[in-house]
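The structure appears right after this line, and notes come after that.
Nothing in this text is a laboratory measurement; each read-out follows from the coordinates by a stated rule. Only a predicted model underlies this, so the values are computations on that prediction, with no experimental measurement involved. So basically every Cβ, Gly included, is an ideal-geometry build from the backbone, and we count neighbours across all protein chains shown.
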C-alpha cells in the first residue's frame with residue numbers, strides 16, 4: 001500500500017484550536033490506495049521544519065500533504081508552489097518573528113508540486 005504523510009499545526013496566536021488539526025483528526029488511517037501517517041507540527045519555525053525533516057529522513061512516503069491555517073482566506077485553497085522563505089507578521093509560539101529568512105540555506109527558492117492541481121481541482125468551485 002502507498003503511504004501519504006499529512007501534517008497539521010498546533011494552535012497559535014489567538015486561535016485556541018487550529019482548524020488544520022481538526023481536519024487531520026478526522027482523516028481515516030487509510031484512504032485507498034494510501035496508508036495515512038499523521039503528524040502535528042509545532043508553530044515554532046525552526047522546530048517545525050526539524051520535526052518534518054526527521055520524519056522524512058526516517059520514513060518513505062509516496063505523497064505529502066501539508067495542512068495549515070490561513071485565517072484571512074474564506075475557503076480551502078490548494079497551493080502548488082512552496083517558497084523557501086520564513087516570514088510572518090505574527091510571532092510563533094516561542095515569540096520568533098522571521099523576516100524573509102530562508103528555510104533551507106542555499107536551497108532552491110521555490111518547490112513546485114508535481115500534482116496537476118488544475119486538473120484535480122477543476123470541479124472545486126473555490127479554486
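Can you classify the stretch 25-68 as rounded, prolate or oblate using the Cα gyration tensor, where a ≥ b ≥ c are the square roots of its eigenvalues, rounded means a/c under 1.5, and otherwise it's prolate if a/b beats b/c and oblate if not?
oblate
Angle between the Cα long axis of helix 45-58 and the longest principal axis of the chain, 0 to 90 degrees, nearest 10?
Once rounded, the angle reads 40 degrees.
Using the Cα atoms of the stretch 1-43 to build a convex hull, what is its mean projected area in square nanometres?
Result: 2.8 nm².
Taking the inverse of the average 1/r across all pairs of different Cα atoms in the stretch 40-127, what Kirkwood radius in Å do you get?
About 15.2 Å, per the Kirkwood formula over Cα pairs.
So how do 7-14, 79-86, 102-109, 23-30 stack up, highest first, on mean other-Cβ count within 10 Å?
Order by mean packing, descending: 7-14, 79-86, 23-30, 102-109.
Relative contact order for the stretch 19-127 using alpha-carbon pairs under 8 Å, separation at least 6, rounded to a whole percent?
Over the stretch 19-127, the number comes to 24 percent.
State the three equivalent ellipsoid semi-axes of the stretch 1-96, derived from the C-alpha gyration tensor as the square roots of 5 times its eigenvalues, in descending order and whole Å.
Sorted largest first and rounded, they come to 23, 16, 13 Å.
Describe numerically, in nm with one decimal, the distance between label points set 7 Å from Cα along Cα→Cβ at residue 78 and at residue 15.
2.1 nm
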